[in-house]
Amino acid sequence: MSTLRFPDNFVWGAATAAYQIEGAATDDGRGPSIWDTFSRTPGRVHQGHTGDVACDHYHRYADDVALMAELGLAAYRFSVAWPRIQPDGTGPVNPRGLDFYDRLTDALLARGIDPIVTLYHWDLPQALQDRGGWTNRETAEHFATYATAVHTRLGDRIRTWTTLNEPWCSAYLGYGNGVHAPGEQDPGAAFAAVHHLLLGHGLAARALRAAGADTVGITINPADVRAADPDSAADKAAVRLVDGLHNRIFLDPLLRAAYPDDVLEHVVRLVEPTFLRDGDEKLIAAPIDLLGINYYAPTYVAGRPDGAGDGAYPGTVGAVEFLPPVGPLTDMGWMIEPAGLTRLLERIATDYPGVPLMITENGAAFGDKTGTDAPDGVGQVMDADRIAYLDGHLRAAHEAISRGVDLRGYLVWSLLDNFEWAEGYRRRFGIIHVDYLTQRRTPKSSARWYQEVISRNGL
Ligand code: FCB
């Protein structure tokens, strides 16, 4: 087997998000978020699961950091829960909420693990949703205020600041097809949310920079959009449309200071973009130092007049057919196609040159072939399918580097099994198994494998 070495200083780490692992939903003055509301709404989340307890990381963070250190992680990407910092989304800062991230940061630094903070991983304070959430322009301004409050407390120790995680999901799943909180289905709301999320990013990025933040970035989940038939003009048009709605609507304003004309024309055909104001695009394009890329699976589309489309892509009904994924699949039903990661990284590096990239999420849900929620009799969880997935994607990332992509690191999703949004706890992405009855952590064979990869800086 050939060995693949990654560049010196390549950052190896793992990622999580507040609502998915913390639990402690009412501790120390935390206010309700849209995910508390959504998960309590019958029929929204698998079997009514909630993040009330999750992995109880809020109380067990010290043990979890010890596990990270054992695996040799150089970096840990976590998110801050806005409702812990400002329970109502605006107004006075709750110091007890900040205390938790203070303790977590110190625990990481004491083990030599670099904290990478994400300020928004989907848990909007419910009080802001009651005023329209991301459809309300003011939310963008409140977000910058909140970002500044977190930086004021942690800026002396945290170098890398990420504004948003996957605004595509917040906007289109939250307000387009309603699969995520707050569960709305309204194209106008979805596009307003896209714009206000981007604006919030721009305002927060500027505020963080002014406050002296070292590295400022955003994490997106760009799609590798492929034509069902590469020679079909209709399929190529479908690719162009979906690529516009998924990728260029974010990348162009972020890195070229303007929405693409074809995307704007599409938006205007569906809604009146009253949310767009002069000067916004300039604000959104605040310079960034790092672009986070989350990648899981490719998207195959065909252009068809009877296409079923998807509410997550407004205006695709009667135009686009999203092809059913072809196996082998992960437990999410997602295709496994590492080459998609290479293509995506190369495309971004080519079309939007000059920004260093980091894979801020990549991983797979598999059921861990023990057949139950618990490790087998000798305390092991053998997840060969996850190892194969990670191995394939690391090779794909390496291939992108060898083709010249400035890729700085790889963060596996996820450190722990956790609350997988609408899927609840039934989808396990962790390299560490969590027994939700006892909160016992068991590193899976993938964790041991990853530890090896890190120690060798390669495969
Ligand atoms: C991403 C999310 C992350 C996790 C993975 C599986 O879209 O950012 O929280 O749910 O998918």
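Of the residues in region 111-129, how many are of a type in the set (D, E, K, R) and open to solvent by 10 Å² or more (accessible area, probe 1.4 Å)?
Qualifying residue count, region 111-129: 2.
Looking at region 252-259, is at least one residue within 18 Å of the chain's Cα centre (by Cα), over 21 Å from A365 (Cα atoms) and open to solvent by less than 40 Å² (accessible area, probe 1.4 Å)?
Looking through region 252-259, at least one residue is within 18 Å of the chain's Cα centre (by Cα), over 21 Å from A365 (Cα atoms) and open to solvent by less than 40 Å² (accessible area, probe 1.4 Å).
From the list G279, G315, exactly one residue is buried (at least 16 other Cβ atoms within 10 Å of the Cβ), on the phi > 0 side of the Ramachandran plot, of a type outside the set (K, R) and at pLDDT 95 or above. Which is it?
G315
Which one is nearest to W35 (Cα to Cα) among residues in region 122-161 that are in contact with a Phe, Trp or Tyr (Cβ under 7 Å, 6 or more places away or on another chain) and not in a helix (DSSP H, G or I)?
Here the answer is D123.
Does R103 satisfy the condition of being of a type outside the set (G, A, S), open to solvent by 40 Å² or more (accessible area, probe 1.4 Å), in a helix (DSSP H, G or I) and within 30 Å of R408 (Cβ to Cβ)?
yes
Of the residues L108, L4, which single one is open to solvent by less than 10 Å² (accessible area, probe 1.4 Å), touching a residue at least 24 places away in the same chain (Cβ under 8 Å) and more than 24 Å from G200 (Cβ to Cβ)?
L108
When the residues of region 135-174 are narrowed to those that are within 16 Å of the ligand (Cβ to nearest atom) and among the aromatic types (F, W, Y), which ends up most open to solvent (accessible area, probe 1.4 Å)?
So, considering only residues that are within 16 Å of the ligand (Cβ to nearest atom) and among the aromatic types (F, W, Y), the one most open to solvent (accessible area, probe 1.4 Å) is W168.
In region 8-45, which residues are more than 23 Å from R77 (Cα to Cα) and within 13 Å of the ligand (Cβ to nearest atom)?
Scanning region 8-45 gives a single hit, V45.
Which strands (runs of 3 or more DSSP E) does region 340-459 wholly contain that include 1 or more residues that are within 14 Å of the ligand (Cβ to nearest atom) and either open to solvent by less than 10 Å² (accessible area, probe 1.4 Å) or farther than 30 Å from T50 by Cα (or both)?
Ranges flagged: 357-361, 407-413.
Quick check: anything in region 55-68 surrounded by fewer than 22 Cβ atoms within 10 Å (Cβ to Cβ) and within 16 Å of the ligand (Cβ to nearest atom)?
No, because not a single residue in region 55-68 is surrounded by fewer than 22 Cβ atoms within 10 Å (Cβ to Cβ) and within 16 Å of the ligand (Cβ to nearest atom).
Select from region 178-191 the residues that are open to solvent by less than 30 Å² (accessible area, probe 1.4 Å) and farther than 29 Å from N94 by Cα and list them in ascending order.
Correct list: G178, G188, A189, A190, F191.
State all residues of region 314-335 that are part of a loop (DSSP other than H, G, I, E, B), touching a residue at least 40 places away in the same chain (Cβ under 8 Å) and closer than 23 Å to D231 by Cα; if no residue qualifies, say none.
T316, A319, L323
Mind checking which residues of region 209-238 are basic (K, R) and in a strand (DSSP E or B)?
If the condition is that a residue be basic (K, R) and in a strand (DSSP E or B), then R226 is the only one that fits.
The values are calculated or read from the model by the stated rules, or taken from the named source; none is laboratory data. Note that this is a predicted model, so its numbers are computed, not measured. Here the Cβ is made from the backbone with ideal geometry for all residues, glycine too, and neighbour counts use every protein chain on show. The accessibility values were calculated without ligands, DNA or RNA, using every heavy atom of the protein model including side chains. Shrake-Rupley method; radii C 1.70, N 1.55, O 1.52, S 1.80 Å.
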